[in-house]
Amino acid sequence: MKRKSNLYHQMLDYENVLSVSHDVLKKCRNKEESLEFRKALNTNIYDIITRLKNYEYEFSSYRIFLIREPKYRIIMSENLSDKIVNHLISRYILLPSLEPVLIDTNVATRVNKGSDYAFKKFCSYVKKIGLDKKIYVLKLDISKYFYNINHSILYEKIKRKIKEKESLEIIRKVLNTTNYEYINSRLNSMIHYELLKVEHSKLSWKEKRLKKDVLQSLPNYRLNRGLPIGNMTSQILAVFYLNDVDHYIKETLGIKYYIRYMDDLVILDTSLDKLKECFSLIKEKIMQEDLEVNKKSSIYSLNNYVSFLGYTFRIKYNTLWIRYHNKTIRRINRKLKKYKISNYDLYYKSRGSYQGYFMKANTSFYYKNLKRKEITNMYNKYLELKKDWESAIVLLKNGKFYRTYDDDAIILNYLFNYQIIDNRVGFPIESLFKIKGKFKNSNIDYIVLDGSDVHHETYEDNSYHDLLMDARVKYDCEMKKEELMNSIKEKLNNNPYFYDELKSFVLNN
């Protein structure tokens with residue numbers, strides 16, 4: 001493949017910078033910073049373009065955060081200008097140059113691939129080899145991958161794909177951003193503070209020891225080593241860095257069943273001796289990239305358990321069994337519980353995404369209540385809230401209306417004569433004040449969900465169930481009356497003498 005050129009100035013086209021800016025601003029979590037940038041959007045865009053055109057762009061310091069879930073790790077956040085430049089480099093320089101040379105089963109963070117693609121590949125490989133055969137899995141993990149990537153080696157690899165000096169120079173600047181002393185200083189300060197928090201926490205001594213071990217194992221950045229964790233460019237460069245190893249495994253070693261998810265390498269085969277030989281050869285190849293294979297790397301049998309992508313795979317009775325880690329369940333439960341209190345909308349979306357994760361497993365009934373139902377998202381939200389607030393009316397905002405369902409719809413029909421359509425009642429947002437007043441006067445607990453905000457009103461002598469009984473009696477009578485009227489109409493249409501019979505019956509009774 002010919003080396004790419006004329007990428008840098010194409011990247012600086014105003015429409016390209018504008019498009020990337022919109023994408024970055026849309027995903028920006030710091031709403032205040034995003035608003036300030038939008039206020040002078042064109043000015044900020046032209047400032048970025050001018051500095052890049054004059055080769056004067058310098059990256060600012062990172063904001064560094066310590067993430068606790070699912071495990072301790074460091075995240076480095078950029079200001080908006082730097083983030084936009086990072087995305088520009090990724091979209092218009094790195095991806096066109098590096099994406100075409102990557103193998104299909106190098107899957108992390110790539111479009112139309114990712115963990116779901118890797119999961120399906122792993123399952124398909126097992127089935128291709130044969131569920132009736134003894135399958136071995138070679139798992140290799142790179143030790144502290146992001147921290148140990150060698151800038152010089154990476155830069156030489158990039159130079160083989162990109163010949164344009166301007167593009168190479170801006171990539172070199174990105175790599176150099178980890179060479180400043182403030183990064184390690186802030187890292188050490190945060191780790192020290194977190195160690196003190198752990199020490200004074202109410203955790204057991206064993207939990208404290210585990211947390212301390214993980215914190216103390218977080219490495220510092222060495223000179224000309226490592227990629228900033230959190231950058232778009234870092235993800236692409238980390239995917240690319242082991243590309244030579246990928247091609248060596250696929251082409252030189254002739255391995256058919258191989259997947260790489262960032263720094264996790266997995267090979268499937270029926271020959272244990274072949275995998276042992278491959279293990280030794282691949283370790284040597286990885287060492288040539290100035291990296292080390294983690295000690296936990298080994299060869300496993302699929303007749304026992306093999307962990308990959310957060311799942312555990314096992315062949316038993318000629319069936320591929322898939323389960324998920326218990327610690328993953330605990331982590332997800334903690335996260336959902338937190339979201340449910342602070343941001344219900346995010347809770348609901350997260351719960352939906354985890355649903356797909358759990359549906360892949362086939363060895364447990366955990367989360368069986370998350371099985372998909374042919375009902376609306378709004379009704380799903382209603383059911384979720386009703387689980388926790390069974391004795392309260394649940395109202396959900398939907399555009400310019402509020403909705404409720406099931407028994408709550410019957411109560412609103414009873415109190416306000418709202419029509420029930422398809423098991424639900426709706427009313428305009430202007431009526432909410434009146435309805436709240438009625439609930440207050442009648443001592444009825446209620447919940448109002450407006451986007452991510454949940455408002456809950458409770459009363460000492462909640463009359464929800466008493467009111468529901470009265471409402472059901474009235475509703476049942478209305479339903480019976482409607483059913484009777486429909487039957488009478490049908491009889492009148494089909495029997496011209498039925499009117500006289502009905503009149504006679506009414507007059508005599």
Checking rank on 386-393, 39-46, with mean other Cβ inside 10 Å and highest first, the result is 386-393, 39-46
Semi-axes in Å, largest first, for the range 218-323 (Cα gyration tensor, √(5λ)) are 28, 18, 13
In the range 22-69 the accessible area split gives carbon plus sulfur, as whole percent at 1.4 Å, a share of 49
dims of the range 37-147, Cα set, principal axes, largest to smallest, nearest Å -> 65, 34, 25
Carbon/sulfur accessible area of the range 172-271, % of total, 1.4 Å probe, equals 54
Phi angles of the range 432-445, converted by Karplus (6.51 cos²θ - 1.76 cosθ + 1.60, θ = phi - 60°) into ³J(HN,Hα) in whole Hz with x for Gly and Pro, give 4, 4, 4, 5, 4, x, 5, 4, 5, 5, 9, 6, 10, 5
Scoring only Lys, Arg, Asp and Glu (+1, +1, -1, -1) among other residues with Cβ under 11 Å from the Cβ of Ile135 yields +3
Scaled by the rule-of-thumb 2.2 N^0.38 Å, the alpha carbon Rg for the range 134-175 gives a ratio of 1.73
Mean accessible area per residue over the chain (1.4 angstrom probe, all protein chains present, square angstrom) is 57
Spelling it out for Tyr324: with amide H atoms placed in the peptide plane at 1.01 Å from N, the residues 5 or more places away or on another chain with amide H under 5 Å from its amide H are Thr312
At q = 0.13 1/Å the base-10 log of I(q)/I(0) from the Debye formula over the alpha-carbon atoms of the chain is -1.34
Amide H neighbours of Tyr300 at under 5 Å, excluding residues fewer than 5 places away on the same chain, with H built from the backbone geometry, are Val137, Leu138, Lys139
Output for the range 1-97: GluC sites (Glu not before Pro) sitting in coil per DSSP, at most 16 other Cβ within 10 Å, listed by number, reads Glu56, Glu58
Rounded to two decimals, the Rg over Rh value of the range 103-226 from Cα coordinates and the Kirkwood Rh reads 1.10
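The values are calculated or read from the model by the stated rules, or taken from the named source; none is laboratory data. Note that the coordinates shown come from a computational prediction; the quantities given were computed from them, not determined experimentally. We place every Cβ from the backbone using ideal geometry, glycine too, and count neighbours over all the protein chains shown. For accessibility, only protein heavy atoms count, side chains too; no ligands or nucleic acids. Shrake-Rupley method; radii C 1.70, N 1.55, O 1.52, S 1.80 Å.
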